[in-house]
1. Using θ = phi - 60° and the Karplus form 6.51 cos²θ - 1.76 cosθ + 1.60, what ³J(HN,Hα) does each residue of the range 212-221 get, whole Hz, x for Gly and Pro?
2. What is the dipole size for the range 68-184, taken about its Cα centre, with +1 at each Lys and Arg Cβ and -1 at each Asp and Glu Cβ, in debye to the nearest 20?
3. To the nearest 0.05, what FRET efficiency results for residue 51 and residue 154 with a Förster distance of 30 Å applied to their C-beta separation?
4. Which whole-number percent is the relative contact order of the range 58-177 (Cα, under 8 Å, 6+ apart)?
5. Charges only on Cβ, +1 for Lys and Arg, -1 for Asp and Glu: so what's the dipole of the range 19-78 about the Cα centre, in debye to the nearest 20?
6. Find the percent of Cα-Cα distances in the range 30-78 that exceed 16 Å, and round it to a whole number.
7. Taking +1 at the Cβ of each Lys and Arg and -1 at the Cβ of each Asp and Glu, which of 47, 66, 93 sits farthest along the dipole of the range 1-159 towards its positive end, judged by Cα position relative to the Cα centre?
8. Within the range 154-174, which residues have the backbone N less than 11 Å from the label spot 7 Å out from residue 180 along Cα→beta-carbon, could you tell me?
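The values are calculated or read from the model by the stated rules, or taken from the named source; none is laboratory data. Note that this is a predicted model, so its numbers are computed, not measured. Don't worry about glycine lacking a Cβ; one is built from the backbone with ideal geometry, like all the others, and counts go over all protein chains shown. When the accessible area is computed, the model is the full protein with side chains, heavy atoms only, and any ligands, DNA or RNA have been set aside. Shrake-Rupley method; radii C 1.70, N 1.55, O 1.52, S 1.80 Å.
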Amino acid sequence: MQLIGHRGAPLERPENTISSFLRALELGADAVELDVHATADGIVVVHHDADLSGRAIAELTYDEVAAYVIGRDERVPTLQSVLDAIASRAIVYVEIKGDGIEYRVVDVIRRCPAPHQCSMHSFDHAMIRHARALAPELNYGILVEDRAGGDLVAQMRMAHATDLWPHQKLVDPAMVEAIHEAGGRVIAWTVNDERLARRLAAAGVDALCTDKISLMRQALSLK
């Protein structure tokens with residue numbers, strides 16, 4: 001069972017910052033999850049929302065984004081700086097948020113110290129399929145929040161992904177078994193309840209994305 005720090009350790013540090021990712025590792029996370037957009041001048045930055053103070057990241061230069069203060073003194077990091085800091089220590093799951101930026105994300109990951117420690121995922125399955133075509137050697141996943149898109153195995157195969165990221169409400173043993181039989185992994189999100197974590201572990205999920213690393217380790221009796 002792999003535990004993934006959702007945007008790092010957001011209950012203790014500002015989310016999607018280097019200090020948050022490092023804190024997640026201190027708490028025992030096996031991996032971290034983060035979100036990326038690209039600036040107007042093509043720099044991939046780590047931030048959840050598409051805007052900063054009402055201005056679209058895609059319309060801001062990197063210097064403008066770098067001037068933005070998060071919390072007391074944190075800054076919006078570049079994906080490159082995050083990978084330099086932690087990719088050799090833990091797996092990094094990169095959720096692509098910005099439209100049409102997959103080629104930029106692929107380029108950053110390919111140049112990082114440990115590209116095999118990185119994986120990309122998105123709600124935009126076509127973008128993941130395109131990223132796979134650009135860099136078939138890297139790892140990919142798709143996010144799903146409901147079953148509106150139809151058969152989950154078919155969706156995973158169509159995107160050429162090997163990880164399925166379902167919302168926790170979708171997970172049951174039959175779904176996990178079907179994904180495993182198709183050669184995939186199941187990463188449930190965002191799991192912060194102890195009883196739910198134990199139920200999902202019993203169903204056979206491969207990883208949990210959580211805000212509460214310590215609590216999940218305790219709930220699952222992980223050392």
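1. 10, 4, 4, 5, 5, 4, 5, 4, 9, 6
2. On the way: 12 positive and 16 negative charges, 71 e Å.
Using only the charged Cβ atoms, the result is roughly 340 debye.
3. Values: r = 34 Å, r/R0 = 1.14.
Once the sixth-power term is evaluated, E becomes 0.30.
4. Numbers: 149 pairs, mean separation 21.4, N = 120.
After rounding, I find 18 percent.
5. Working: 4 positive and 12 negative charges, 29 e Å.
Dipole of the range 19-78, to the nearest 20 debye: 140 debye.
6. Numbers: 376 of 1176 pairs.
Taking all Cα-Cα pairs of the range 30-78, the fraction more than 16 Å apart is 32 percent.
7. Positive-end residue among those listed: 93.
8. 173-174
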